[in-house]
Amino acid sequence: MNSALEHTRRQFLGSMTSGLTGVALSRLLAAEAAAPHGRPHFAPRARQVLQIFCPGAASHVDLWEHKPMLEKYHGTPMPGGEKEVSFQGKNGNLMKSPWPFVESGRSGKRISSMLPNMARHVDDIAFIHSMTSQTNTHGPGCIAMNTCFTREGYPSAGSWVSYALGSLNENLPTYIAIQDIRGEPPNGKANWSNGFLPAQYQAVAMAAQQQLRNLATPASIRPETERATRDFLRRINGEHAAARPENTELSARMAAYEMAARMQLTAPEVSDIRGEPGHVHKLYGTDDPNRLKAAYARNCLLARRFLEQGVRYVSLYCASRASAVDGLLNWDAHKTLKADYERHCPVFDQPTAALLTDLKQRGMLQDVLVVWCTEFGRMPTHQEGTSGRDHNPDAFTTWMMGAGVKGGVSHGATDDFGRRSAVDVATVYDFYATVLHLLGLDHERLTYYFNGLQQRLTNVHGHVIQPILA
C-alpha cells in the first residue's frame, strides 16, 4: 500500500476518533450546561409546571371574584369614578355580572355559574384575587405576565425554569408552548422567548392542530446511511461550534437538530392522542360539535401527555390575539361581554376541568404545579355606549393548584366593586417568586449575567406568597 495513502488514512481515523470523543464530551458538557445551577436551591415541592393562559384579559368580576356590591349598586355611578377614563375612553355605570355566582365545593367558594366544571376543583385551588399589572395594553400585558417585563427581549418564566433545572426527558423539549387553534396570543412568540438566555431555552411551539412534519425517514435512505450521515454532521458541526463558542444561536440550532432526531422516535407517539381511551376523549370533549372547544380539548389532552412524559414546563393557551372585532378571538370583551363570554366559557370550562381531573386521578399533581393566568382584569363599570368592560390593570385574579399549593383558599381581595386590588396586593414578581419557590428555586439567586447586570426573572422585586403554600 502506498505509504502516503496509509499515512492519510491513519490521520483520518485518528481525527475521527478524537472527533467522536470530542462530540461525546461536548454532549456531556451540553447536558451539564442545560442545568447550569445543577440542582434546586432547596427541596422542591414541584418538578413541573403547567401554565394555562387566557389572553384578552379575562374578567375577574365575571369569573372568579364575587362582588355583591356590584349587584346591589348595578346601574349607578361608581363612587369617585364618575369621570374616570380608562383604556378606550369614558366609563358608564357599575355593571353586575350577567350570570350569578354559585357556592362551590366544601369551601363554599363562589365562582361564575358559567364555569360548572371548574367549580368542582375550587377546593384544590388557591385563588390570588389581588393581582396588579404594569400596563393596560394586551401585548405588553401578556409579555409581562410571562416575563415580568413589558418590553420584548426578556426570558419567559418557562425559559428561566428550563435554564435552571434542565430536562426530565432528553427525547422531548424541556419547554413547550401549545397555542390555540385561533392563533398566537398578543405579541406572539415573545411570550415564550428565551430573551437573552441562550437560544436553547426558548419554547418549542407545538399543538394538536399542528402535526409535526418531516419526521419520517424517506424509504430511499438506508438506516446505515442515515447513521453515517448523522455521525459525520455531528463531527463537523462540533468542530464548527468549538471554533465559535460565543455563538449560542449556532449551538442552539445544533441542539435543535439533535433533538429533532431523537423526537423522530418519541414525539409522534406522545403527540398522537388517537390512542387514548374513549372515556378520556369524552371527559375532555375532543369530539365536541363546537369546533373551538374540541380543538382546545385536544390541546389539553396533549398537555397532559407531555407532562406525563416529563416535559418540564408546558404553556397552554386558550384564545389568541385580538381581532378587528373585540372579544371574537379572545377574552377582550369591550362591547358585548355577555355574548363574548357565552362563547368563550364553554370552550374553556370542560376541557380545562378535565385536564385538572386527569392530572389528579393519575397522581401527577404531586409533581405538577398548575397556574392560571391572564394579563390584567376588567372594569366593574360598563364601557360607555356598550355592554362590555374596559381594561383594568389595577385588579385581576390568577390561581395556582397542585404540588405545594394549599387548596380551597382565596388570597387577597379587591375593593367592594373590584376596581382596585386592596388587600394583600400582589404583583407578577410575587407570582413568579412563588412559582420558583415551589420548584425549589430562590428567585433572588436564580440569575444570568447580561448587559452588565445579574439579571433575574423577578427583576429586583418579588416576595413569595406564603399564605397559599401547603
Please work out which residue is nearest to residue 192 (Cα to Cα), limiting yourself to region 48-96 and to residues that are polar (S, T, N, Q) and in contact with a Lys or Arg (Cβ under 8 Å, 6 or more places away or on another chain).
48
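Looking at 379, 400, which is the one that is aliphatic (A, V, I, L, M), over 23 Å from residue 117 (Cα atoms) and in contact with a strand residue (DSSP E or B) (Cβ under 8 Å, 6 or more places away or on another chain)?
379
Would you mention how many residues in region 416-450 are over 21 Å from residue 467 (Cβ atoms) and either of a type in the set (D, E, K, R) or touching a His at 6+ places or on another chain (Cβ under 9 Å) (or both)?
Of the residues in that region, 4 qualify.
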Do we have any residue at all in region 390-408 that's in contact (Cβ under 8 Å) with a residue 12 or more places away in the chain, polar (S, T, N, Q) and part of a loop (DSSP other than H, G, I, E, B)?
no
Collect the residues in region 373-384 that are assigned to a loop (DSSP other than H, G, I, E, B) and either surrounded by fewer than 24 Cβ atoms within 10 Å (Cβ to Cβ) or among the basic types (Lys, Arg) (or both), keeping them in residue-number order.
384
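Confirm whether residue 133 is touching a Pro at 6+ places or on another chain (Cβ under 7 Å) and closer than 19 Å to residue 349 by Cα.
The answer is no for residue 133.
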Looking for whichever is in contact with an Asp or Glu (Cβ under 7 Å, 6 or more places away or on another chain), closer than 23 Å to residue 126 by Cα and part of a loop (DSSP other than H, G, I, E, B) here; the options are 440, 418. Which one fits?
418
Qualifying positions in region 258-285 - under 21 Å from the mean Cα position of the chain (by Cα) and modelled with pLDDT of 95 or more:
284
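Here is a yes/no grid of residues against (1) buried (at least 21 other Cβ atoms within 10 Å of the Cβ); (2) touching a residue at least 24 places away in the same chain (Cβ under 8 Å); (3) closer than 22 Å to residue 403 by Cβ:
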position: 273; (1), (2), (3): no, yes, no
position: 289; (1), (2), (3): no, no, no
position: 298; (1), (2), (3): yes, yes, no
position: 311; (1), (2), (3): yes, yes, yes
position: 348; (1), (2), (3): yes, yes, no
Selection count, region 388-417, where residues are in contact with a Leu (Cβ under 7 Å, 6 or more places away or on another chain) and within 24 Å of residue 85 (Cβ to Cβ)
3
Just to be sure before I move on: is residue 156 within 25 Å of residue 322 (Cα to Cα) and buried (at least 18 other Cβ atoms within 10 Å of the Cβ) in the structure I sent?
yes
Have a look at 339, 322 and point out the one that is surrounded by fewer than 24 Cβ atoms within 10 Å (Cβ to Cβ) and at pLDDT 95 or above.
339
Among the residues of region 85-110, the number that are touching a residue at least 60 places away in the same chain (Cβ under 8 Å) and charged (D, E, K, R) is 3
Can you tell me which of (1) modelled with pLDDT of 90 or more; (2) under 20 Å from the mean Cα position of the chain (by Cα) is the one residue 210 doesn't meet?
(1)
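The values are calculated or read from the model by the stated rules, or taken from the named source; none is laboratory data. Everything quoted here is computed from the prediction, not taken from an experiment. Glycine also receives a Cβ, built like all others from the backbone with ideal geometry; neighbour counts cover every protein chain displayed.
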